[in-house]
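Below: the structure, in structure tokens.
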Amino acid sequence: MQSAASPLMPIPGLIDPVPVPRAVTPRADGRVDLMGLSRPQIKGALEEAGLDVKAAKLRSKQLFHWLYHRGTTDFEAMTDLAKPMRGWMAERFVVGRPQVVEAQVSSDGTRKWLLRSDDGQDYEMVFIPDADRGTLCVSSQVGCTLNCSFCHTGTMRLVRNLTPGEIVGQVMLARDALGEWPKGNMSSDAGATANDDEDEDASHYTADGRMLTNIVMMGMGEPLYNFDHVRDALKVVMDGDGLALSRRRITLSTSGVIPMMARASEEIGVNLAVSLHAVTKEVRDELVPLNRKYGIDELLQACADYPKASNARRITFEYVMIKDKNDSDADARELVRLIRKYQLPAKVNLIPFNPWPGTDYECSTPDRIRAFSSIVFQGGISAPVRTPRGRDIMAACGQLKSASEKKSKAEMKRLSEEKQAALG
């Protein structure tokens with residue numbers, strides 16, 4: 001019952017992905033995994049299993065509550081379902097979680113999980129605790145197709161898109177690990193029977209007071225190349241009767257897939273972050289090869305046109321600080337000029353480069369980063385320096401990489417040369 005794979009992006013070119021549509025592999029036991037399904041999808045699954053329309057409507061509401069508000073995986077714990085109904089559910093359905101291959105905790109409290117899907121593909125997620133928030137960095141793909149040269153994930157092949165269930169499952173697993181599911185009795189709909197009408201005025205639930213307060217789609221993969229699945233997953237995460245995370249607490253990061261940016265605003269409506277990392281064509285072509293198709297000016301115009309952008313909801317530009325590559329005073333002044341030129345409500349996150357095995361890049365010095373930040377601040381643009389988190393467990397920005405489909409350094413160089421030759 002997971003939604004079908006996203007349609008292929010109708011954009012040719014070697015630097016664009018060519019993901020193969022993948023149907024969800026049926027479970028060996030024949031049961032349907034409800035994880036990641038919306039209320040209408042759960043209702044449809046119940047109807048397919050034999051419930052009448054009215055009963056399916058009620059039970060879908062109850063299941064949605066237990067799955068996403070309570071975090072329950074055991075049908076026997078769903079106390080407002082009659083015992084025969086619990087058994088009927090357990091025979092036909094399952095509430096899954098990603099398999100945890102490895103869980104690590106950094107000296108600074110950052111947590112990283114290596115997860116494995118039912119078809120044996122590995123991907124990672126990271127939880128970053130701060131004094132006033134807790135941010136979960138969620139992956140959208142197994143591997144990545146963009147080959148950003150500074151990013152460890154970019155040395156992986158794209159294996160496949162993650163399904164809505166696998167994306168939502170990361171949030172559920174984090175809530176499990178943090179012990180953040182509510183306890184106690186059901187709300188006013190407790191004790192309802194299959195003959196009761198659905199209470200449209202039932203109270204909504206919020207995530208207030210919990211450790212996991214924010215989600216960033218900044219893990220493995222390019223979210224806008226898995227648009228349908230990311231959209232469907234985030235709609236489940238934002239639903240007020242379940243996980244109830246506000247769209248203002250969710251940020252989607254893109255390297256600049258311009259054709260999908262407006263759709264992201266209209267159909268998802270979360271905050272936007274753009275992986276910029278350079279202010280000249282030559283340097284961004286190297287760091288973010290997608291720039292060869294969608295240049296800096298075209299990208300910034302798309303940001304200016306982004307419907308949700310405002311002073312209250314500024315676009316975030318991610319900028320990795322790499323020694324002698326993109327960190328000069330001239331680069332800082334050009335960054336200010338570009339943001340002013342397009343009149344963007346923006347802030348710039350300066351990210352010290354996080355090293356990984358095999359990279360030739362080095363992090364800018366602390367003094368150089370401070371000088372760069374000062375120039376941008378003097379230009380009237382917020383430019384905080386992000387404190388690296390989880391470096392000791394390879395959980396920092398740009399360090400995520402599973403064991404799936406790794407490319408050698410020589411292969412990466414060969415592919416890069418082939419792409420440059422093909423582009424001209």
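The values are calculated or read from the model by the stated rules, or taken from the named source; none is laboratory data. The structure presented is a predicted model; accordingly, all values stated were derived computationally and were not measured. Cβ atoms come from the backbone with ideal geometry, glycine included; neighbour counts cover every protein chain shown. Just so you know, the surface numbers come from the protein's heavy atoms only, side chains and all, with ligands and any DNA or RNA stripped out. Shrake-Rupley method; radii C 1.70, N 1.55, O 1.52, S 1.80 Å.
In region 334-389, what residues are open to solvent by 30 Å² or more (accessible area, probe 1.4 Å) and in contact with a Leu (Cβ under 6 Å, 6 or more places away or on another chain)?
TYR342, VAL385
Any idea which residue in region 286-333 is least open to solvent (accessible area, probe 1.4 Å), counting only those that are touching a Pro at 6+ places or on another chain (Cβ under 6 Å) and within 24 Å of ARG370 (Cα to Cα)?
MET321
Inside region 148-189, can you point out the residues that are hydrophobic (A, V, I, L, M, F, W, C) and modelled with pLDDT under 80?
Scanning region 148-189 gives MET156, MET186.
Could you say whether any residue in region 212-224 is more than 24 Å from GLY143 (Cα to Cα), open to solvent by 20 Å² or more (accessible area, probe 1.4 Å) and at pLDDT 95 or above?
no
If only one of ASP119, ASP80, ASP132, ASP108 is without any contact (Cβ under 8 Å) to a residue 24 or more places away in the chain and of a type in the set (D, E, K, R), which one is it?
The unique qualifying residue is ASP132.
Checking PHE150 against (1) outside any loop (DSSP other than H, G, I, E, B); (2) more than 21 Å from LEU234 (Cβ to Cβ): exactly one of these is not met. Which one?
So PHE150 meets the others, but not (1).
For region 156-171, enumerate the residues that are more than 11 Å from the chain's Cα centre (by Cα) and of a type in the set (A, V, I, L, M, F, W, C).
MET156, LEU158, VAL159
For residues in region 345-375 being in contact with a strand residue (DSSP E or B) (Cβ under 6 Å, 6 or more places away or on another chain) and among the aliphatic types (A, V, I, L, M), which is farthest from ALA312 (Cα to Cα)?
Ranking the qualifying residues of region 345-375, first place goes to ILE369.
Pairs, please: C-beta under 9 Å, at least 6 apart or cross-chain, first residue β-branched (Val, Ile, Thr) and in region 365-381, second loosely packed, with under 13 Cβ neighbours inside 10 Å?
From region 365-381, the pairs are ILE375/ASP329.
Looking at the structure I just gave you, is GLY143 within 16 Å of the chain's Cα centre (by Cα) and at pLDDT below 90?
In short, yes.
Kindly indicate whether any position in region 230-238 is small (Gly, Ala, Ser), open to solvent by less than 10 Å² (accessible area, probe 1.4 Å) and modelled with pLDDT of 95 or more.
Yes, there is a match, as at least one residue in region 230-238 is small (Gly, Ala, Ser), open to solvent by less than 10 Å² (accessible area, probe 1.4 Å) and modelled with pLDDT of 95 or more.
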